[in-house]
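What follows is one structure encoded as structure tokens, with my remarks underneath.
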């Protein structure tokens, strides 16, 4: 292992961030304070409203609510009342989605709108953000290492702005929003291992034919390449909104399959609760920790899905790209 890579990874392991000058001298940054993650076992509209009150102060101006609206009659979707009961309490808000890349009624805008009606999204505006095209968001990566290979990307000799992607195609209407509330049904995923807040925005805000193709690549490869592209896409979106992005993960109906699977497997893990945070890495890490802490019979299937797809690499790479803090304080309400 190169000395510079070793020093960087050692600093990360100690909870700090390694900062390198052009001569390759590592200076350990101060250990980060823990991020706040709020938690309730009250899986209800009241529980959601209580949590949102803790993390919604920066949801100003025109607010997009990014959630996965699901395939028609998806078996494990969040109950529609969980969305209908929360949305009116977020002023000037609109549910936002994008079309999909895989064969589905949600691949085209017209039939996507029919799916939205089928799944009960008739109580507020829904913006299919790529209905009229794409916009490109830059991905500002880690500071370039002039002579050190990336510990993650095998195909490039150094960190550039985005190891794999320098920009991501999102639905052009994303740029119409001042704030983004990331409202996520936490569950498994056939390629990513799990789908948390990161996946919700990274894939969900990427345009159907542009951004999603950038992330998936040719042949829909699995593994680190896909996961790293997905994280980079998420970084472009979180950087775009800055302080005006916040997150809720609902740990209910935790199937091994995504809501994009119209025939998703029946959940074998008990419902756990709801998490809220202003830190995307902290909330996804806390969600994983809660799932892994369940009794063996409850966690077995979802943990196998996460581990067999290398899904925890999402957290590793978010940390490497300084997207948040994996050290958190779990505050139970």
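Coordinate-derived values only; no laboratory data. Note that the structure is predicted; figures quoted are calculated from it, not measured. Neighbour counts are summed over all protein chains in view; Cβ atoms, including those assigned to glycine, are modelled from backbone coordinates with ideal geometry.
What fraction of the Cα pairs in region 183-242, stated in percent, has a spacing above 16 angstrom?
39 percent
Which shape class, rounded, prolate or oblate, goes with region 217-333 when its Cα gyration tensor gives a ≥ b ≥ c as root eigenvalues, a/c under 1.5 marks rounded, and past that a/b bigger than b/c marks prolate?
Oblate, since a/c reaches 1.5 and b/c is not below a/b.
Quick check: residue separation of residue 44 and residue 60 times 0.36 nm, minus the Cα distance between them. What number comes out in nm?
The residue 44-residue 60 span can extend by a further 3.3 nm.
Applying a 10 Å radius around every beta-carbon, put 306-313, 254-261 in order of their mean neighbour count, most first.
254-261, 306-313
So for each of 51-62, 283-294 I average, over its residues, the number of other beta carbons within 10 Å; can you give me the resulting order with the highest mean first? All intermediate terms of the calculation are to be shown ahead of the outcome.
Numbers: 51-62: 16.8, 283-294: 21.1.
Per-residue mean Cβ counts within 10 Å order the peptides as 283-294, 51-62.
Which whole number of Å³ per residue matches the convex hull of the alpha-carbon atoms in region 34-332?
116 Å³
Among 166-179, 123-136, how do they line up from the highest to the lowest mean number of other beta-carbon atoms within 10 Å?
Values: 166-179: 20.5, 123-136: 17.7.
Ranking the peptides 166-179, 123-136 by packing returns 166-179, 123-136.
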